[in-house]
Amino acid sequence: MATRTENGPAATAEPSAPSPLISFKDVHQVFRLQSAKDENGAGGTRDLVALQGIDVEIHSGQFVALVGASGCGKTTMLNMLAGLVHPTSGEVVLDGTAPELPNMDIGYMFARDALLPWRTARKNVELPLETRGWNRRERQDRAREMLELVGLKGRESQYRLQLSQGMRQRVALARTLAADPSLLLMDEPFAALDARTKLTLQAEFLRIWEQHQGGDRRKTVVFVTHDLQEAVLLADRVIVMLPHPGRIAEDRVIDLPRPRAEDLGEIQFTDEFQRITHDLFERLEGAIGSRAEGRAPR
Amino acid sequence: MTISTMRPAPAATPAGNIARPRAWQSRTFINAARVLICVAFLALWEIASRQGWVEETLFGRPSGVWTSMLEYLPSERSLESLRATGAAVGVSFVIGSISGTLAGLILGLSPTLNSIFGPFLAPINSVPRIALAPLFIAWFGLTMTAKVVLAVSIVFFILTENARSAVRSVDADLMTMARVVGLKRASLLLKVVLPSAVPTMFAGLRLTFVYALLGVVASEMVAATGGLGQDIVLYSSSYQINTVFAILVELMAVAIVMNWLFNAAERRLLVWQVS
């Protein structure tokens, strides 16, 4: 079998690994929303259960994809790791402590580039280095190096509006990686790109990650996406989530061989890849179908 | 490269859509039309005045305006008035825009202060400021202060509102990114909040100059020891209509020059907005 289902929190890609880098312990998240009056005339607020009973452990160096439809709480989990959101109940542990903002060992990449439009590409990449106290010379050298790494040599002095969508996301990737954080939080980083640019960027990102970005160990990646294929293509492990309330439906290790960066286009058409995605797809869609049937009318 | 796939080649556009611009869409035609309209208007005015279709003493005539401009504009009195008005506009523009922007930034950044002072802004701003001119003149006398206070009372509120909304509408993604990257307080303000407010604030400043001019001239028209507003009142009450028009042309020229300066400054400051 190319895939195996994980049973319980103990099962990870490397069973021999010590205590996990990240653990979610029975995490619940409830957002209180202001809403118009409901059918009972109560009105006021409405509780939205974004996450329910999340138990996940992620070991250092693992590439984990969180997949699910919008509203399944995957971005909330990412924001918890960044320290932007604190769980209503349960516990999130990152490297032994509760995540705090800001964490200088985190790189966060967004679906929309979030580049500062008044800064050049190079100055955007320098931003995280500024908060980490690098001096001017070091920042410039590092930013140039990172832009070259993502294939933007010669574009250093261009502003956001002068760059294409794909190039903006490349700059954002360079910024995310610039300070060499050991944990990458990626929130649908390639979702806004057209199919071809997306594949190119996925391959580039994977190449950088698989080559450890010149470092001695792989970075831990938590990669949020709604695209199952993307998840299977890139990740070591895919966690399928379901919405309303946000919960985990499936947690699988993807045993596709690495490095994959050079053959991403090919891998998509292998039987193994198709079987894995098909399996997960049925799990995702099947669960949604049965939930819809079982749901009481509103 | 990926870029090439992202922009459709020009050839892909159906030929019909990018057909040669028609004659009436060309730059030359548009410019010619503009000149023609101005010339026709001036000619009609001149003829109407010469033929007695309109009363010359009340409506003046372009040739008369031209003569008045040559006589009045270089005169000692004119230069003195221009200096008085210009100084008042300059001072009120600087005071009004700095204080207004600061107030707006503070309100935009502090929810508490905003909920205390916010509700006062709209009612106060709805008072027709020119109605306050007699009051300010009574308080401050026939001084530059009276003019400046009136102009500032207009400018301040425009810029407060402008800066407040500029600060509050900072892109949410940028704020999240900045917080995750580790920017806090002062550096967050300097590196993200203020730069993203600059385009909106610039648009406000441009508008503000016109209002500062309005406030000063209006105040001078009510009562003042000098200035272009005072001259307008003086010459119109003595039926020297051509000179009044000459002053209006002068005011327009000042506004155009200032607008041009703003454009130049904007182009330099906001290079990043041009794709």
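Report the FRET efficiency, 1/(1 + (r/R0)^6), for residue A:212 and residue B:125, where r is their Cβ-Cβ distance and R0 is 51 Å, rounded to 0.05. It would help to have the intermediate numbers written out before the result.
Details: r = 59 Å, r/R0 = 1.17.
Once rounded, the FRET efficiency stands at 0.30.
Here is the link list: A:74/B:191; A:198/A:219; A:123/A:198; A:219/B:191. Which ones come out longer than 31 Å on Cα distance?
Numbers: A:74/B:191 29 Å; A:198/A:219 21 Å; A:123/A:198 24 Å; A:219/B:191 28 Å.
Beyond 31 Å between Cα atoms: no listed pair.
Kindly express, to the nearest 10 degrees and within the range 0 to 90, the angle between helix A:271-294's C-alpha long axis and the longest C-alpha principal axis of chain A.
The angle comes out near 40 degrees.
Check every DSSP H run in chain B and write down those whose alpha carbon atoms cover 18 angstrom or more along the long axis and whose mean Kyte-Doolittle hydropathy is 1.0 or greater.
B:27-50, B:76-109, B:144-168, B:194-222, B:241-269
Helix-only estimate, please: 222 nm mean residue ellipticity of chain A, summing -39500 (n - 2.57) across DSSP H runs of length 4 or more and dividing by its residues, to the nearest 500.
Roughly -10500 deg cm²/dmol at 222 nm, from the helical runs in chain A.
Can you tell me the orientation of helix A:121-131 relative to chain A, as the angle in degrees between its alpha-carbon axis and the longest Cα principal axis, to the nearest 10?
Taking the Cα atoms of chain A, the angle to A:121-131 is about 70 degrees.
With the Cα gyration tensor of the protein assembly as shown giving a ≥ b ≥ c as the square roots of its eigenvalues, does the rule (a/c under 1.5 for rounded; else a/b larger than b/c for prolate; else oblate) give rounded, prolate or oblate?
Values: a/c = 2.69, a/b = 2.18, b/c = 1.24.
Because a/c hits 1.5 or more and a/b exceeds b/c, the protein assembly as shown counts as prolate.
Given bins 5 angstrom wide, list per bin the percent of all Cα-Cα distances in the stretch A:114-181, short to long.
With a bin width of 5 Å, the distribution comes to 4, 22, 36, 25, 12, 3, 0.
How big is the Rg/Rh ratio for the stretch A:71-158, C-alpha atoms only, Rh by Kirkwood, two decimals? Before the final figure, lay out the partial values.
Values: Rg = 16.0 Å, Rh = 15.1 Å.
Reported Rg/Rh (Cα atoms, Kirkwood Rh): 1.06.
Just name one of B:217, B:73, B:170: the one whose Cα is farthest towards the positive end of the charge dipole of chain B (beta-carbon charges, Lys/Arg +1, Asp/Glu -1).
It is B:170.
Lys and Arg at +1, Asp and Glu at -1: add these up for the other residues within a Cβ distance under 15 Å of residue B:248 and post the number.
On the way: positive: B:61; negative: B:220, B:231, B:250.
In short, -2.
So how tilted is helix A:165-178 from the main axis of chain A? Cα-based, degrees 0 to 90, rounded to 10.
80 degrees
Quick one: accessible surface of residue A:59, probe radius 1.4 Å, all protein chains present, in square angstrom to the nearest 10.
Per-residue accessible area (residue A:59): approximately 20 Å².
Over the heavy atoms of residue B:132, what accessible area does a 1.4 Å probe trace out, to the nearest 10 Å²?
Spelled out: residue B:132, probe radius 1.4 Å, area about 40 Å².
Can you show me the helix-derived [θ] at 222 nm for chain B, built from DSSP H runs with n ≥ 4 at -39,500 (n - 2.57) apiece and divided by the number of residues, rounded to the nearest 500.
So the helix-based figure for chain B works out to -25000 deg cm²/dmol.
For peptide A:97-104, what's the mean number of Cβ atoms from other chains within 10 Å of each residue's Cβ? Intermediate results must be reported in sequence, preceding the final value.
Details: counts 0, 0, 0, 0, 4, 7, 2, 2.
Across the residues of A:97-104, the mean count of other-chain Cβ atoms within 10 Å is 2.
For the stretch B:69-273, with only Lys/Arg (+1) and Asp/Glu (-1) charged at the beta-carbon, what is the dipole magnitude about the Cα centre, in debye rounded to 20?
The calculated dipole for the stretch B:69-273 is roughly 860 debye.
At a threshold of 8 angstrom on Cα-Cα distance, excluding pairs fewer than six apart, so keeping six or more, what relative contact order does chain B reach in percent?
24 percent
With a ≥ b ≥ c the root eigenvalues of the C-alpha gyration tensor of chain B, is it rounded (a/c under 1.5), prolate (a/b larger than b/c) or oblate?
Oblate shape, in that a/c is at least 1.5 and b/c is the bigger or equal ratio.
The values are calculated or read from the model by the stated rules, or taken from the named source; none is laboratory data. Please read all numbers here as calculations on a predicted model, not as lab measurements. Virtual Cβ from ideal backbone geometry, glycine too; neighbours counted across all protein chains shown. When the accessible area is computed, the model is the full protein with side chains, heavy atoms only, and any ligands, DNA or RNA have been set aside. Shrake-Rupley method; radii C 1.70, N 1.55, O 1.52, S 1.80 Å.
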